[in-house]
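Participant: This is the structure, below, for whatever I ask next.
The values are calculated or read from the model by the stated rules, or taken from the named source; none is laboratory data. Please read these numbers as outputs of a predicted model, since none were measured by experiment. Positions of Cβ are backbone-derived with ideal geometry, glycine not excepted, and every protein chain shown enters the neighbour counts.
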Amino acid sequence: MEKKHFNVLLVYPEFPDTFWSFKHALRFIGKKAASPPLGLLTVAALLPADWPKKLVDLNVRALNDEDLAWADMVMISAMIVQRESAAQVIDRCHAAGVKVVAGGPLFMGNWEQFDKVDTFVLNEAESTLPEFLKDLESGETRRVYTSGEFPDIRQSPVPLWQLLDLHQYNSMSVQFSRGCPYNCEFCNVTAMFGRKPRTKTTAQVIAELNALFSLGWRGSVFFVDDNFIGARQQVKNGLLPALIRWRAGKMRRMSFYTQATIDLADDDDLMHMMVEAGFRMVFIGIETPEEHSLIECGKLQNRGRDLVKSVKRIHRAGMQVQGGFIVGFDNDPPSIFQRQVELIQKSGIVTAMVGLLQALPDTRLYQRLKGENRLEGGSSGDNVDGTTNIVPVMNLSVLLRGYHYILQQIYAPKAYYERIRTFLQDFQVPRLKTLIDWRSIPQYIQAFFRAIYRLGIRGVERIQFWRIARWTLFHRPRAFATAITLAIYGFHFRRVYELHVQTSG
């Protein structure tokens with residue numbers, strides 16, 4: 001019996017204008033998207049090798065009628081914040097008579113809401129996709145494929161980056177581990193991936209980096225692990241030494257960034273190794289300076305520590321901290337808004353994402369609030385859109401006013417540029433020789449002159465822009481590119497606030 005072949009169109013929905021979209025910043029360097037859809041690229045690699053495949057990332061280009069006419073099947077994956085774009089794609093596919101297969105966080109627990117989707121392949125694709133493919137071959141597929149097991153990701157293939165136009169992206173993505181040993185009440189990571197981190201082999205990660213390098217990629221790479229140091233010994237004893245050797249052989253042409261927990265600051269050896277391996281940024285969930293709220297949400301690793309000192313230790317080690325902050329916990333006092341502003345300013349966390357507490361499906365928070373009859377609809381999935389789906393203990397009007405106050409304070413030009421200076425005073429630029437990728441020089445020159453025009457001439461922050469540029473040239477000249485980059489980020493963050501959060505108030 002001849003095996004069936006399918007033309008598979010993989011579609012990634014568009015992100016709205018959010019904090020992490022960096023849309024306004026990407027225009028300075030002529031890029032269209034921050035990073036590619038790693039999940040879909042991994043799914044593509046799990047499909048039969050002889051099936052024709054195309055990828056349409058709606059953050060990069062439009063979905064054409066010709067794409068749908070070519071496809072036998074559309075596979076779509078999305079996060080909650082991509083709901084509107086995903087629904088539009090599904091409607092177009094349904095109207096065109098193309099089979100739709102959907103997966104990803106958007107559809108987990110909510111798949112019944114999407115009646116035009118033919119099949120849902122949920123949870124981790126390494127577990128559920130093979131069963132779907134087997135049924136597809138026989139011609140009898142179910143509507144939902146799900147699994148409670150956590151697969152061995154040592155069997156996960158190298159993503160099919162060949163499907164991408166790499167030049168449209170600011171960074172690439174790889175994954176070393178899934179799962180997190182912590183169990184924060186509001187986080188859905190443990191519900192999706194478990195509390196025991198599962199890791200790829202070092203050889204797998206190096207193979208993925210080699211594949212990117214062979215395609216000509218020399219820029220930054222995001223390790224998408226929800227907690228990169230969750231499997232600390234595997235990172236310290238295996239991955240980081242291998243990355244150090246690999247980058248040395250490639251003249252350190254790639255740099256990395258990732259996500260971790262604040263206890264990274266307690267391990268000098270780990271921080272030193274990460275910097276030597278090429279890590280330049282790390283996102284950390286700071287959440288709140290209120291101890292009772294940390295206890296409430298189970299953020300135990302943040303308790304009983306000086307958060308400002310911990311952040312500064314990471315900065316001095318040579319990595320920039322990007323921070324996540326939350327207001328709206330049951331135990332938040334009226335003073336929390338000013339305390340959040342002070343924490344952000346004193347720590348020098350320039351990229352500070354402040355959001356209202358939202359209850360994501362399958363989290364402990366969702367289950368608790370459901371039992372207390374304190375849920376109002378679903379989460380928007382947007383960290384900074386000024387909405388919440390919970391009934392807070394604090395008066396909602398007071399909470400919203402306080403939230404807007406924080407954003408007004410921290411993204412006002414004066415405060416924002418003061419934070420850049422605070423960060424640069426602590427930040428130790430790594431003294432590792434790196435071979436310059438000359439192909440990127442025009443991009444950096446373009447961004448610099450656009451920054452001068454948009455920020456230094458036309459911008460409301462022009463005084464602060466020239467002050468930080470002059471101060472950095474005299475006091476931290478090796479960090480000048482970082483200062484300009486952060487100034488551009490500030491432009492994006494203010495635009496997001498003005499276009500979305502401010503109008504919602």
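Participant: When the residues of region 334-379 are filtered to those that are closer than 30 Å to Arg316 by Cβ and of a type in the set (Gly, Ala, Ser), which remaining residue is surrounded by the most Cβ atoms within 10 Å (Cβ to Cβ)?
Facilitator: That would be Ala352.
Participant: Restricting to region 215-235, give me the number of residues that are surrounded by fewer than 21 Cβ atoms within 10 Å (Cβ to Cβ), touching a residue at least 40 places away in the same chain (Cβ under 8 Å) and within 13 Å of Gly179 (Cα to Cα).
Facilitator: 1
Participant: Further question: Give region 458-495 a look and list any residue that's closer than 15 Å to Leu424 by Cβ and in a loop (DSSP other than H, G, I, E, B), or say none.
Facilitator: Passing the criteria: only Arg476.
Participant: While we're looking at this one, here's another question. Could you count how many residues in region 190-210 are closer than 25 Å to Trp438 by Cα and either in contact with a Phe, Trp or Tyr (Cβ under 6 Å, 6 or more places away or on another chain) or not assigned by TED's automatic domain parsing to the domain that holds Leu240 (or both)?
Facilitator: Of the residues in region 190-210, 1 are closer than 25 Å to Trp438 by Cα and either in contact with a Phe, Trp or Tyr (Cβ under 6 Å, 6 or more places away or on another chain) or not assigned by TED's automatic domain parsing to the domain that holds Leu240 (or both).
Participant: Could you check region 114-147 and list, in sequence order, the residues that are crowded, with 19+ Cβ neighbours inside 10 Å and at positive phi?
Facilitator: Asn123
Participant: I've got another one for you. On the basis of being out of contact with any helix residue (DSSP H, G or I) (no Cβ under 7 Å at 6 or more places or on another chain), more than 24 Å from Leu307 (Cα to Cα) and not in a loop (DSSP other than H, G, I, E, B), does Arg245 make the cut?
Facilitator: Yes, satisfied.
Participant: Go through region 124-221 and tell me which helices (runs of 4 or more DSSP H), entirely inside it, have 1 or more residues that are touching a helix residue (DSSP H, G or I) at 6+ places or on another chain (Cβ under 8 Å) and modelled with pLDDT of 95 or more.
Facilitator: 125-138, 202-214
A quick yes/no check of all residues on (1) surrounded by 14 or more Cβ atoms within 10 Å (Cβ to Cβ); (2) assigned to a loop (DSSP other than H, G, I, E, B):
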position: Leu68; (1), (2): yes, no
position: Val81; (1), (2): yes, no
position: Ala87; (1), (2): yes, no
position: Asp91; (1), (2): no, no
position: Ala95; (1), (2): no, no
position: Gly109; (1), (2): yes, yes
position: Glu112; (1), (2): no, no
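Participant: How about region 109-126: which of its residues are over 22 Å from Ala86 (Cβ atoms) and without any contact (Cβ under 8 Å) to a residue 40 or more places away in the chain?
Facilitator: Result: no residue meets the conditions.
Participant: Here's a follow-up. Scan region 322-356 for residues that are in contact (Cβ under 8 Å) with a residue 40 or more places away in the chain, in a loop (DSSP other than H, G, I, E, B) and touching an Asp or Glu at 6+ places or on another chain (Cβ under 9 Å) and report the count.
Facilitator: Total meeting the criteria: 6.
Participant: Would you mention how many residues in region 450-502 are touching a residue at least 40 places away in the same chain (Cβ under 8 Å), aliphatic (A, V, I, L, M) and more than 30 Å from Gly355 (Cα to Cα)?
Facilitator: The total comes to 0.
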